[in-house]
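First the structure, in the form of structure tokens, and then the observations on it.
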Amino acid sequence: MNSSITPKLNILKTETSRVKEVDFDNLVFGSTFTDHMFECDFINGEWQNPTIRPYGNLSISPGAKVFHYGQAVFEGMKAYKDEDGKVWLFRPQQNFERINKSAKRLAIPEFPRDIFFEALTTLVRMDKEWIQPGLGNSLYIRPFVMATQVGVSASPSTEYKFMILAAPAQAYYTGDVRVVIADHYSRAANGGVGAAKAAGNYGAQFYPTNLAREKGFHQVIWTDDSEHKYLEEAGTMNVFFRVNDTLITAPVSDRILDGVTRKSVIDIAKHNNIDVEVRPVLVSEIVEAAKDGSLKEIFGAGTAAVISPVSAIGHKEHVYELTKPEDSYSARFKKDLMSIQHNITEDPFGWRFEVK
Ligand code: COI
């Protein structure tokens with residue numbers, strides 16, 4: 001259903017920018033949006049009327065299918081400004097491919113590549129004043145698509161709205177994260193939508209995460225749904241374990257998101273001659289490693305959070321505290337990754353994409 005027609009991008013500019021009103025040192029993640037946004041509708045079997053216009057509310061019927069069946073998928077990506085004022089995206093092709101993979105799983109028509117890249121780069125260029133230079137600052141970009149056909153019959157929508165929003169961002173998690181290993185609730189199942197960035201995947205985590213919070217944890221490390229025997233994802237991130245000097249992470253599957261930060265960390269580790277094992281990770285082996293001291297680090301990896309060190313893991317009635325080693329992998333990967341993203345170092349992988 002990938003439309004081959006590339007209609008012209010309409011651009012409606014705001015008369016007054018809000019950028020001067022923003023306190024960039026005190027941003028709440030993802031709640032202040034830039035001056036403009038992109039929208040494009042799928043009607044009569046075609047994506048049409050791609051438009052960048054001033055950020056503002058939508059008018060959508062309460063009968064739209066997204067409200068009843070959650071037919072919606074999204075992406076998270078970032079733009080960075082270097083010290084010379086040049087603007088860079090990080091591996092945008094990966095996000096483009098993944099939103100269409102997610103869309104396909106939710107029976108949503110794929111979005112054309114040329115409109116995606118034209119809209120993305122034009123929006124970032126128009127709102128580049130909103131990107132602060134400096135490590136830790138970025139523009140968080142949120143492409144998403146939702147079902148807009150009116151009707152509560154449980155069938156795929158025939159109409160959709162694809163949008164891109166952008167929000168200046170700093171750190172997603174401040175400080176180390178305490179996580180608890182799931183032993184009852186599940187995030188995903190075989191054959192389900194765990195590998196898709198489906199809106200409902202995140203909403204379904206809120207209740208078990210609230211329960212974890214009541215017990216002093218910030219996030220849940222999700223395990224396999226059938227036996228809760230394997231460690232799979234951490235909250236909004238993929239998860240890595242360092243046992244002695246080996247880095248271990250679960251392979252992507254039906255249940256695990258193919259994270260862009262995850263695959264970048266694996267490549268950086270290999271580039272630094274670190275032993276990497278991509279294989280199923282048993283809860284029991286990590287608990288044993290925590291007990292015998294060979295578990296050196298756990299960290300999450302994701303676009304919003306970048307690299308987020310875990311300071312404690314809870315399992316059943318036990319809590320294992322972790323002390324960050326001096327030669328911390330998580331600190332090293334975060335520095336290497338951010339240096340590439342911010343155009344501070346060479347990019348041996350060809351991941352940076354300049355928005356000219
Ligand atoms: C991201 O890391 O970009 C995500 O999509 C997580 C999101 C829930 C903030």
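The values are calculated or read from the model by the stated rules, or taken from the named source; none is laboratory data. Keep in mind the model is a prediction, meaning the values are calculated, not measured. With ideal geometry, Cβ positions are generated from the backbone for all residues, glycine too; neighbour counts draw on all protein chains shown. The accessibility values were calculated without ligands, DNA or RNA, using every heavy atom of the protein model including side chains. Shrake-Rupley method; radii C 1.70, N 1.55, O 1.52, S 1.80 Å.
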Scan segment 196-215 and tell me whether some residue there is under 30 Å from HIS271 (Cβ atoms) and either part of a loop (DSSP other than H, G, I, E, B) or more than 14 Å from the ligand (Cβ to nearest atom) (or both). yes
Name the residue that is farthest from MET77 (Cα to Cα), counting only residues in segment 325-344 that are without any contact (Cβ under 8 Å) to a residue 60 or more places away in the chain and open to solvent by 60 Å² or more (accessible area, probe 1.4 Å). GLU326
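Which strands (runs of 3 or more DSSP E) sit wholly inside segment 1-119 and have at least 3 residues that are over 26 Å from GLN170 (Cβ atoms)?
36-43, 46-54
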What are the pairs, 6+ residues apart or on separate chains, where a residue within segment 241-263 that is without any contact (Cβ under 8 Å) to a residue 24 or more places away in the chain has its Cβ under 8 Å from a residue that is part of a strand (DSSP E or B)? none
Can you spot a residue in segment 258-273 that is under 29 Å from GLU75 (Cβ atoms), away from the ligand (no atom under 16 Å from the Cβ) and part of a loop (DSSP other than H, G, I, E, B)? yes
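For every residue, the table says whether it meets (1) surrounded by fewer than 17 Cβ atoms within 10 Å (Cβ to Cβ); (2) without any contact (Cβ under 8 Å) to a residue 24 or more places away in the chain.
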position	(1), (2)
PRO50	no, no
PRO54	yes, no
GLY63	yes, no
ARG91	no, no
LYS104	yes, yes
LEU123	no, no
TRP130	no, no
LEU135	yes, no
TYR140	no, no
Considering only segment 133-141, I want to know if a residue exists there that is in contact with a strand residue (DSSP E or B) (Cβ under 7 Å, 6 or more places away or on another chain) and farther than 21 Å from GLU354 by Cβ. no
Return the total of residues in segment 162-185 being surrounded by fewer than 19 Cβ atoms within 10 Å (Cβ to Cβ) and either of a type in the set (A, V, I, L, M) or in contact with an Asp or Glu (Cβ under 7 Å, 6 or more places away or on another chain) (or both). 2
Filtering segment 70-99 for residues that are touching a strand residue (DSSP E or B) at 6+ places or on another chain (Cβ under 7 Å), of a type outside the set (A, V, I, L, M, F, W, C) and either within 15 Å of the ligand (Cβ to nearest atom) or more than 16 Å from MET163 (Cα to Cα) (or both) leaves a count of 10
